[in-house]
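The values are calculated or read from the model by the stated rules, or taken from the named source; none is laboratory data. Everything numeric here is computed off the predicted structure, so don't read it as measured data. In this analysis, Cβ positions are derived from the backbone assuming ideal geometry, glycine residues included, and neighbour counts consider all displayed protein chains.
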Amino acid sequence: MESISVFNMLKIGVGPSSSHTLGPWRAAARWIEKLKKSGDFDKVTGVSVQLFGSLALTGKGHASDVAVMMGLMGTDPVSFPIDEIQGVIATIHSEEKIHLNSEKEISFIPSEHIVFNRKFLEFHPNGMKFIAQFPDGSKKAEAYYSIGGGFVVQKERKRAKKKIEKFSHFPFPIEKATQLLEYCAQEQKSVSEIVFQNELSLRPETEIKEGLKEIWNVMLDSMYVGCHTEGRLPGGLNVIRRAYETHSKLIGEQPYTTPYEWIKSIRGTQVKFRQILKWVSCFALAVNEVNASLGRVVTAPTNGSAGVIPAVLMYYLVIENHDGNYEDIYKFLLVSGEIGSLFKKGATISAAMGGCQAEIGVSSAMAAGALTELMGGTPDQVLMAAEIAMEHHLGLTCDPIAGLVQIPCIERNAMGAIKAINACEMALDRDPGDAKIPLDKVIATMWETAKDMATKYKETSEGGLAVQVNMSDC
């Protein structure tokens with residue numbers, strides 16, 4: 001039985017895409033590590049990379065080539081200073097050299113050595129091959145697949161929706177939502193308590209809480225930065241950052257100097273219903289504007305859907321509960337991570353496999369369930385909220401204009417956050433156990449819908465808005 005840690009679902013990384021940016025970055029770094037372990041690294045005289053399928057079709061807009069180069073250099077997407085990325089890439093282009101693992105310099109011309117191949121590999125739409133060349137002219141190739149949420153696998157995986165990492169020692173192994181409910185009833189524990197017990201089998205409590213706090217701080221920082229940065233997003237669509245203006249109108253003259261003082265300032269404003277909608281939308285827009293500009297965000301469960309969970313958690317802290325604390329934040333992240341893992345096990349969190357329902361739909365379900373627990377909902381109501389949120393995202397396509405994670409992606413995060421809050425309220429108004437459609441059935445339906453969806457609506461920019469709207473229209 002597959003068991004996925006919350007820290008697998010909520011990863012700190014660099015935008016704009018978990019599958020097209022973070023995944024290739026990690027794959028390149030993993031390939032370099034494999035070369036070192038095999039003893040081949042010191043013999044390498046040249047490298048080339050082929051990006052296939054969805055990675056090729058939307059790779060430029062997702063900065064997949066940039067990510068590959070950063071990974072080949074052995075840098076860490078969690079900690080590398082994002083404001084230095086463009087300078088590093090410019091140097092590679094100008095010098096036509098790259099420092100493999102930051103220790104071995106070889107000739108490298110990005111336009112020649114990174115090939116965008118529109119062919120789809122059979123195993124997964126997001127395939128890539130890394131090829132090493134040696135002094136005797138021989139070559140060695142390795143294929144990797146970025147399957148969503150920053151997860152990277154090789155072809156040993158039989159199907160893209162199969163397990164990534166197995167922890168056989170989880171005290172409460174969970175494959176289905178029904179099993180999660182059974183554990184909650186059997187142990188008389190909430191969803192977050194069950195998930196926390198599983199995490200304790202992997203790492204000590206202090207490490208769990210510090211890790212969750214770091215995740216939240218990155219989420220908070222991405223909201224803060226997005227709300228305080230004006231201008232236009234890179235990429236050619238000329239998209240104006242909207243969070244800045246919206247935030248300026250909402251916050252008024254409230255004084256603050258840090259993100260946590262900012263939270264207190266928002267709590268001190270007189271928030272009416274219409275302003276609540278604006279605040280939640282503002283938080284979500286802010287995160288994904290940061291993501292679209294190669295900023296640091298948390299996959300939740302992906303970069304393209306990174307704004308939903310922070311926006312809903314922020315809503316709870318500044319609107320619903322002014323006494324909310326880190327314990328609430330821990331619970332929210334634990335529940336959301338577990339719900340996301342249910343979708344990963346039973347369906348997919350890759351837009352290249354399932355369309356946007358696999359990203360915004362899943363993130364909305366994750367946020368809805370997590371908010372429901374904090375609002376006092378039972379485990380049944382938690383999963384009911386997740387089901388309601390996903391049910392109304394079924395069939396959502398992924399059709400980014402120009403292959404950029406901007407239109408309609410950024411606005412969809414705001415819509416997903418609002419739907420999550422609405423789903424929570426509807427679940428709380430229902431009697432526990434009164435769900436007509438179990439979460440497992442919706443997950444199965446989502447996967448069937450994903451398989452039936454035409455390829456052009458799966459992050460290829462070959463259908464929908466991507467072909468109806470030209471860059472000149474923007």
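Selection of first residues in the stretch 295-317 that are assigned by TED's automatic domain parsing to the domain that holds residue 412 and part of a loop (DSSP other than H, G, I, E, B) and of second residues that are among the hydroxyl-bearing types (Ser, Thr, Tyr) and at pLDDT below 95, restricted to Cβ pairs under 6 Å at least 6 apart or on distinct chains, gives the following pairs, ordered by first then second residue: 299/18; 302/18; 303/17; 303/18; 304/17.
With the condition kept exactly as written, say whether any residue in the stretch 241-250 is under 22 Å from residue 321 (Cα atoms) and of a type outside the set (Lys, Arg). For the stretch 241-250, residues under 22 Å from residue 321 (Cα atoms) and of a type outside the set (Lys, Arg): present. Among the residues making up the stretch 173-216, a single one is aliphatic (A, V, I, L, M), touching a helix residue (DSSP H, G or I) at 6+ places or on another chain (Cβ under 6 Å) and not in a helix (DSSP H, G or I): 174.
Of all residues in the stretch 13-49, those being within 19 Å of residue 141 (Cβ to Cβ) and not hydrophobic (A, V, I, L, M, F, W, C) number 16.
Selection of the stretch 217-245 for residues being closer than 13 Å to residue 313 by Cα and either assigned to a loop (DSSP other than H, G, I, E, B) or of a type in the set (S, T, N, Q) (or both) yields only 217. Entry remark, the stretch 170-193: residues being in contact (Cβ under 8 Å) with a residue 60 or more places away in the chain and within 17 Å of residue 337 (Cα to Cα) number 13 in total.
If only residues of the stretch 264-300 that are closer than 20 Å to residue 422 by Cβ and aliphatic (A, V, I, L, M) are counted, the one that is surrounded by the most Cβ atoms within 10 Å (Cβ to Cβ) is 287. Assessment of the stretch 17-31 against the conditions (modelled with pLDDT of 95 or more, more than 30 Å from residue 209 (Cβ to Cβ) and not in a helix (DSSP H, G or I)) yields no matching residue.
So that you can scan it fast, the table gives a plain yes or no per residue for (1) more than 23 Å from the chain's Cα centre (by Cα); (2) closer than 28 Å to residue 469 by Cβ; (3) without any contact (Cβ under 8 Å) to a residue 60 or more places away in the chain:
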residue	(1), (2), (3)
222	no, yes, no
241	no, yes, yes
245	yes, yes, yes
248	yes, no, yes
252	yes, no, yes
259	no, no, yes
263	yes, no, yes
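The residues of the stretch 249-262 that are surrounded by 13 or more Cβ atoms within 10 Å (Cβ to Cβ) and under 24 Å from residue 292 (Cβ atoms), listed by number, are 250, 251, 259, 262.
Residue-by-condition table, conditions (1) hydroxyl-bearing (Ser, Thr, Tyr); (2) closer than 17 Å to residue 303 by Cα; (3) touching an Asp or Glu at 6+ places or on another chain (Cβ under 7 Å):
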{"residue": "405", "(1), (2), (3)": "no, yes, no"}
{"residue": "409", "(1), (2), (3)": "no, yes, no"}
{"residue": "421", "(1), (2), (3)": "no, no, no"}
{"residue": "439", "(1), (2), (3)": "no, no, yes"}
{"residue": "465", "(1), (2), (3)": "no, no, yes"}
